[in-house]
Protein chains: 2
Amino acid sequence: MRKLINAPAGVVADALRGLAAAHPELRVDPGLGTVVRADAPVTGKVALVSGGGSGHEPLHGGFVGPGMLDAACAGEVFTSPVPDAVIAATAAVSSGAGVIHLVKNYTGDVLNFRMAAELAEDEDIEVESVLIDDDVAVEDSLHTAGRRGTGAALFAEKIAGALAEEGAGLGSVAAVAREVVTRSRSFGVALSPCTVPEAGTPTFELGEGEMELGVGIHGEPGRRRVKAGTATEIVDAALTAIDADMPLDGADLLVLVNGMGGTPLIEQYVAYAAVADWLAGHGATVARPLIGPYVTSLEMAGVMISVCRLTPDLTRLWDAPVQTPGLRWGR
Amino acid sequence: MRKLINAPAGVVADALRGLAAAHPELRVDPGLGTVVRADAPVTGKVALVSGGGSGHEPLHGGFVGPGMLDAACAGEVFTSPVPDAVIAATAAVSSGAGVIHLVKNYTGDVLNFRMAAELAEDEDIEVESVLIDDDVAVEDSLHTAGRRGTGAALFAEKIAGALAEEGAGLGSVAAVAREVVTRSRSFGVALSPCTVPEAGTPTFELGEGEMELGVGIHGEPGRRRVKAGTATEIVDAALTAIDADMPLDGADLLVLVNGMGGTPLIEQYVAYAAVADWLAGHGATVARPLIGPYVTSLEMAGVMISVCRLTPDLTRLWDAPVQTPGLRWGR
């Protein structure tokens, strides 16, 4: 295990202390695992809260700030955040206009966010939950009933966050988040496993020269284990799987080529070249590309491709200014 | 070798094709290895050109755009760019106001940029060369006479790029770039080696539980091989080495905690927490932090810490708007 950490049990709290030190515009509680906009609650604004297990940085704590999330809850590595953290974050950002929970579809996350939502309703905070389940690889998985939530979390947080920033109401913001999820698909490929610090051994075994097609962001099994292919073959496998589920012909796409944590940027650009070629050959247009390690799986080598079929409105909201540690543009 | 590539010999050209596809605001020649602002030459503006071996992305091609570089030259992986690329980039961005070559101190880079500068002078393009040699780890190294150039390249490109954007003259822009280099220091630590695709074997061997203190960004040997320490110990080793060379007490610092390519962001934030603690305990202030994989070494695990002693002017230039694939803020 070659990790840049202190004690395995303290990784998340240490990283949150680092986030707090670097970003005074965030209010971070490293013990509880919450990251909140320092100016929250923002008067009259619908608030967005997401979260999940740690190990996927910058998701979600790195996406807190104007134009995106109002708060994120960080569980231990690959472990759902506790309901206490979710309720504290929800209360901290609630301005009375309602709170949206953006929840990736993992059983623990769904349960803990639901419990927190019920507690919030008891305190007269209106909560709308939006489930993110964009990963086409498998129908049920190690930690999930139904499809897993992955890259569409970033899309939904950015786009719904922009609409909330414009002053839209709870129903509209929840609707646009659901629209993004409905129009998004993802597929990941692992070239190496990753190791949870407290476990100390890899989440799965992968022989030299093998890859896992359809891997989850916690190293959950995908569709099949095959001989490692070229970037072009890997991209073809991913986009063919996505296209079979949601035809891409004629689409204007937001495309994320996402490094899983251990794959360097040069290789992510090699993959993007193959993605651009594939989509051009299948009648789709890349309207907005995003390339980089945004939804990671610790130090896993590999790539995840996520797409969202844009509309003019979704494109406008994607382009709107955002000011977070992990995503920053405009103003 | 677990790489997301097609053919080892085509990695750089493939990645540049990806960069071109994602960024129409750049003019990319994947064969020659040049990345140029599409609006170059910018009338009346001093132009900045950098470059070096590939494998350090987003450095340098990802730092081309308004507020930073006008062009970058990408050699093969860990191989200096050819003079033809440097002269082509220099000619493409020259508006008549002069061109600055920002050159990391590696023997091949220095020779090839010098040859290109002489050819440019023959074509009546005035060139000022600025040498970047911020790595305190060793005095001479595998590919270098004198100190190696690493993280200060990013600092110099950003700060000199901002001054050039303001319309300053050749002498002033070169002077601020040299001032940044003079005020900057770096130190890197490797927890794993990396593998050049065409070589196919790791650049060096590192036993389980070992780390290389003072490693170069091509895996060049550092000061010593020791038992892998905690993040706090690693940060202490790096900052103690930097502080011995350039005292940090009382400084306002720009601090880069730089992932080397294979170390995930959660661990970079763990390291940043230790950096913030160390500096606070040694009388230094972090005025501007930057955390992420900006100057990478393929998939090497590890971290490099770079600091620059800021002045009010340097801080203003650091904060100025920048619009590149790898660094983007303001407007």
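The values are calculated or read from the model by the stated rules, or taken from the named source; none is laboratory data. Values in this document were obtained by computation on a predicted structure and should not be read as measured data. No Cβ is skipped: glycine too gets one built from the backbone with ideal geometry, and neighbour counts run over all protein chains shown. Calculation scope for accessible area: heavy atoms of the full protein, side chains included, ligands and nucleic acids excluded. Shrake-Rupley method; radii C 1.70, N 1.55, O 1.52, S 1.80 Å.
Evaluated against (1) without any contact (Cβ under 8 Å) to a residue 24 or more places away in the chain; (2) at positive phi, B:G214 falls short on exactly one condition, (1). Return the residue satisfying two criteria in turn: it lies in region A:29-42 and is away from chain B (no Cβ under 14 Å) and closer than 19 Å to A:A160 by Cβ, and of such residues it is surrounded by the fewest Cβ atoms within 10 Å (Cβ to Cβ). Residue satisfying both the conditions and the ranking: A:D39.
Selection over region B:175-200 of residues that are without any contact (Cβ under 8 Å) to a residue 60 or more places away in the chain and in contact with a strand residue (DSSP E or B) (Cβ under 8 Å, 6 or more places away or on another chain) gives a count of 2. Restricting attention to region B:269-289 and to residues that are small (G, A, S) and either part of a loop (DSSP other than H, G, I, E, B) or more than 7 Å from chain A (Cβ to nearest Cβ) (or both), the residue that is surrounded by the fewest Cβ atoms within 10 Å (Cβ to Cβ) turns out to be B:G281. Looking at A:L163, A:L170, A:L206, which is the one that is crowded, with 17+ Cβ neighbours inside 10 Å, in the same structural domain as A:P83 (by TED's automatic domain parsing), farther than 21 Å from A:I291 by Cα and in contact with a strand residue (DSSP E or B) (Cβ under 8 Å, 6 or more places away or on another chain)? Unique residue meeting the criteria: A:L170. In the set B:G188, B:G200, only one residue is at pLDDT 95 or above, under 27 Å from B:R2 (Cα atoms) and within 14 Å of another protein chain (Cβ to nearest Cβ); that residue is B:G188.
Conditions (1) farther than 28 Å from B:P30 by Cβ; (2) open to solvent by less than 30 Å² (accessible area, probe 1.4 Å); (3) assigned by TED's automatic domain parsing to the domain that holds B:A237; (4) in a loop (DSSP other than H, G, I, E, B), marked per residue:
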| residue | (1), (2), (3), (4) |
| --- | --- |
| B:A89 | no, yes, no, no |
| B:A97 | yes, no, no, yes |
| B:V103 | no, yes, no, no |
| B:V110 | no, no, no, no |
| B:F113 | no, yes, no, no |
| B:E118 | no, no, no, no |
| B:I125 | no, yes, no, yes |
| B:G149 | no, yes, no, yes |
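Against the conditions (1) of a type in the set (D, E, K, R); (2) assigned by TED's automatic domain parsing to the domain that holds B:A40; (3) open to solvent by less than 40 Å² (accessible area, probe 1.4 Å), B:E212 satisfies every one except (2). Residues in region B:5-28 that are in contact with a strand residue (DSSP E or B) (Cβ under 6 Å, 6 or more places away or on another chain) and at the interface with chain A (Cβ under 9 Å from one of its Cβ atoms): B:V12, B:L16, B:L19, B:A20, B:A22.
Quick check on A:I305: is it open to solvent by less than 20 Å² (accessible area, probe 1.4 Å), within 14 Å of chain B (Cβ to nearest Cβ), among the β-branched types (V, I, T) and without any contact (Cβ under 8 Å) to a residue 24 or more places away in the chain? Answer is no for this residue. When A:D245, A:D236 are screened for being at pLDDT 95 or above, open to solvent by 30 Å² or more (accessible area, probe 1.4 Å) and either away from every other protein chain (no Cβ under 13 Å) or in contact with a Leu (Cβ under 8 Å, 6 or more places away or on another chain) (or both), only A:D245 passes. Scanning region B:53-84 for residues that are more than 30 Å from B:T263 (Cβ to Cβ) and open to solvent by less than 10 Å² (accessible area, probe 1.4 Å) returns a single hit, B:D70. Pairs linking a residue in region A:1-22 that is closer than 19 Å to B:M211 by Cα to a residue that is of a type in the set (A, V, I, L, M) and outside any helix (DSSP H, G or I), with Cβ atoms under 6 Å and 6 or more positions apart or on different chains, are A:R2/B:L191; A:R2/B:A301; A:L4/B:V303.
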